[in-house]
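The values are calculated or read from the model by the stated rules, or taken from the named source; none is laboratory data. Treat the numbers as computed from the prediction; the structure is a model and nothing was measured. Positions of Cβ are backbone-derived with ideal geometry, glycine not excepted, and every protein chain shown enters the neighbour counts. Ligands, DNA and RNA are stripped out before the accessible areas are found, and what is left, the full protein with its side chains, is counted by its heavy atoms. Shrake-Rupley method; radii C 1.70, N 1.55, O 1.52, S 1.80 Å.
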Amino acid sequence: MQTIKYGYPDLNEQLDTGITYHEKAFEFSFQDHESLKQYVAFYRNCGAGFSPLPHRYKTNQVSLPIEFFANLALSPGYEPSENEHSVFYCTKELEGSMIEGNVNDALIIASGNHLSIGLVIRGKCIGKVFALEDIKPLVLADDMADIPSDIEGIIKLGDNFKEFINALSADDDDIEQWEEDFGE
């Protein structure tokens, strides 16, 4: 799985507490599926933050910029419900209005330019990663085996978290600009 660097990294010091918090709040375990384990391994290695590099999910049909990866660790001095860059806050913000069907079937793990990036945590679609335009609802039915591809504003980004991360890229201009802005 490729490494992601951040221009503005979040602290990673309370990750274990954050994992326990999210599992309890959303009533699931990150051990439930290989893709969820991949997400935790990625987070332990790379953390979260703003201005990631690489930061673009690109296919022949779409190019999606990612602005930040939401914080899974608990930030000192902040409740997850108050920290607008936490996985908990980003997920709850869309719950009820955007992710319908089974409550809390996906965690919002990243965001970019009017998009929310989700990781499914339950059902037959467990482990899949998707992008959701902020104005489109996603219904995850119990019998749904895959993220729908025929609905405008909903894009499947990977069958698992590793596939999603490995698909991120940056062109030479993006890398040069990032290095000018953040060093390295």
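Under the Kirkwood approximation for Rh and a Cα-based Rg, what ratio Rg/Rh is obtained for region 1-97?
On the way: Rg = 13.9 Å, Rh = 14.3 Å.
Result for region 1-97 is an Rg/Rh of 0.97.
Probe radius 1.4 Å, ligands and nucleic acids left out: which of Y43, Y89, Y57 has the largest accessible area, and how do the rest follow? Present the calculation step by step, with values, prior to reporting the outcome.
Values: Y43 5, Y89 70, Y57 25 Å².
The residues order as Y89, Y57, Y43, largest area first.
Restricting to DSSP H runs of at least four residues, report the calculated mean residue ellipticity at 222 nm for the chain, -39500 (n - 2.57) per run over all residues, nearest 500 deg cm²/dmol. Display every interim value, and only then the final one.
Details: 5 runs with 50 residues, N = 184.
It lands at -8000 deg cm²/dmol.
Pairs of lysine in the chain with Cα under 13 Å and at least 8 positions apart or on different chains: total?
Taking the chain as the scope, the lysine pair count is 5.
Using Cα pairs closer than 8 Å and at least 6 residues apart in sequence, work out the relative contact order for the chain, in percent. Intermediate results must be reported in sequence, preceding the final value.
On the way: 348 pairs, mean separation 39.0, N = 184.
Averaging sequence separation for qualifying contacts and normalising by length gives 21 percent for the chain.
Return the long-range amide H neighbours of L157 (sequence gap of 5 or more, or a different chain), with a cut-off of under 5 Å between placed amide H atoms.
V129, F130, A131
Could you pull out the GluC sites (Glu not before Pro) across region 1-78 that fall in loop regions by DSSP (anything but H, G, I, E, B) with no more than 16 other Cβ atoms inside 10 Å?
Passing sites in region 1-78 are E13, E27, E67.
Just the number, please: carbon plus sulfur as a percent of the accessible area of the chain, 1.4 Å probe, no ligands or DNA/RNA counted.
Working: 4070 of 9120 Å².
Summing carbon and sulfur atoms, their accessible area is 45 percent of the total for the chain.
Taking the solvent-accessible surface of protein heavy atoms with a 1.4 Å probe, what is the per residue accessible area of the chain in Å²?
I get 50 Å² per residue for the chain.
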